[in-house]
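Notes for the one structure printed next.
Any read-out appearing in this document is the output of simple, stated calculations on the displayed coordinates, not a laboratory observation. Source: prediction; values computed, not measured. Positions of Cβ are generated from backbone atoms using ideal geometry, with glycine treated the same way; all protein chains shown enter the neighbour counts.
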Amino acid sequence: MTTAQLDKMRLELRRGVLVLAVLGSLKAPHYGYSLRKQLQDAGIDIDEGTLYPLVRRLADQGLLDSEWRQGEGRERRYYQLSEVGAELLTQLTQEWQQLNKALGPLLEH
Amino acid sequence: MDLLERYLAAVQQELPADKQQDVTRELKANILDQVDALREQTPEQSDEEHLLQVLQELGPPKQMAYQFHPPQPLIRADLIPLFRFTLFMVLGIIFLINLVQSTLLWLGHEQMGLLLLLKHMGSGFIGDATLAFTAITLGFWSMSLEQKTRCTAQQSWDPLQLPQLNHRWQRISLSDVFHDLATYLFLLILIWYPLWGEVVMSVELSMGSRFLLQAFSPLLLLGIALSLWQLKQRYWTEALLKCNLVLNALLVTAILILAWTSPFFSSVPEQLSWITAEQLERSMTISLLIIALFPGWEVIRDWQRLQKVRA
């Protein structure tokens, strides 16, 4: 397998998981950079060019609430899970756990 | 921080008007946060250097704008095969029509050289093709906007309606359908060409052959209808095979009648002085007999297929 193929498949694999990671991180309010920092600290490396547009898309879908706040001499847009987003996160988490449980034995061999 | 403003302006330029202010405002805040973080990590570097590093990681402004607002394709992905075949079919017909038109013009004008013929053909084709391309693209674009039809089609999908096909040849490929459709359309346009085209013909058809050609138009219309039916139902059934067989049998008959029509031409152009009227008539008869072999072969093929379907 070439590096390009591996990169493409990694990207596909990560795409759905990143949504789950972002929704999970936004149980508490975060602005763009702090969200990225939190994900990085948790071991999920995501570049800014992917993260910021993803957060906006989720907000456009009504899964996140957002507001501009003033802090440390600069305005920042804070995001947090909306009611709809919280419901979706619960369902997606169950789905993820089921998948993970089913995948475990398959990947052991 | 002039560089930051330049970057934001470049991103803004690629975004739709209603998103420009909001996206760049947020992007600016995020970039400045990243610069702050880098300043803490490497205080020995300047802010300009930090900013440069952040912008390089973010990527080119166009790419960043596309992430925020992904471009929408003009034509829906599932319509692309149909769009491609329609385009090729129409462009092919336009090319052939222009070829015929230019050749007739060339035969009618003694002073017209080969270069002028090519120029006439090229300019005519480019003009017509541009118009056709625009019209087809606009048509498919409007079809792409009709999302509702697509949803309804998916909801009414019933697996039990899948045809039971016992032979591989029963599946009709899109290219076959468009090939037939293009042939019928081209012949129809050609037959009625003197009515709408610029008549510069020096090779005149006789009254009898012209009348016969025009009388065969319903057959070509039937062929177009049959092709459209095949476009909707992409497999051979007994009914479809019967219709195709009858159509091809009628086409063979029509071509044979035409082959034995004498005289086929009423005049021979001066440019064709190397051939006598008699030789021209005989060439036409032989050409028509060869042409008749194609629908004739389809008659035999469909007859055999019909027996297999019935078995």
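Structural remarks
- Angle in degrees between helix B:80-108 and the longest Cα principal axis of chain B, rounded to the nearest 10: 50 degrees
- For chain B, the longest principal axis of the Cα atoms and the long axis of helix B:174-191 meet at an angle of about 50 degrees.
- Against the rule of thumb 2.2 N^0.38 Å, how large the Cα Rg of the protein assembly as shown comes out: 1.54
- Placing pseudo-labels 7 Å out from each Cα toward the beta carbon at residue A:4 and residue A:42 gives an inter-label distance of 3.4 nm.
- Over chain A, Cα pairs under 8 Å with separation of 6+ residues give a relative contact order of 26 percent.
- FRET efficiency, residue B:282 to residue B:119 (Cβ-Cβ, R0 35 Å, nearest 0.05): 0.55
- Chain B: mean projected area of Cα convex hull, nm²: 27.1 nm²
- Distance from the alpha carbon centroid of region A:81-109 to that of region B:16-95 works out to 30 angstrom.
- Take each residue in A:49-56, count the other chain C-beta atoms within 10 Å of its C-beta, and the mean is 5.
- For residues of A:13-19, the mean tally of beta carbons on other chains within 10 Å: 0
- P(r) tail for region A:1-108: Cα pairs beyond 17 Å make up 59% of the total.
- Highest-first arrangement of B:83-93, B:283-293, where packing means the average Cβ count within 10 Å: B:83-93, B:283-293
- Across peptide A:71-80, the mean count of Cβ atoms from other chains lying within 10 Å of each residue's own Cβ comes to 2.
- Efficiency of FRET from Cβ geometry, residue A:83 and residue B:88, R₀ 56 Å, rounded to 0.05: 0.60
- MRE, 222 nm, helices only [DSSP H, n ≥ 4, -39500 (n - 2.57), over the protein assembly as shown, to nearest 500]: -24500 deg cm²/dmol
- Taking the C-alpha atoms of region A:57-109, convex hull volume expressed per residue in Å³: 120 Å³
- FRET efficiency estimate (nearest 0.05) - Cβ-Cβ, residue B:72 to residue A:27, R0 22 angstrom: 0.10
- Helix B:114-145 and the longest principal axis of the Cα set of chain B meet at an angle near 60°.
- Potential lengthening between residue B:53 and residue B:265 on full extension [0.36 nm per residue; Cα-Cα distance subtracted]: 68.4 nm
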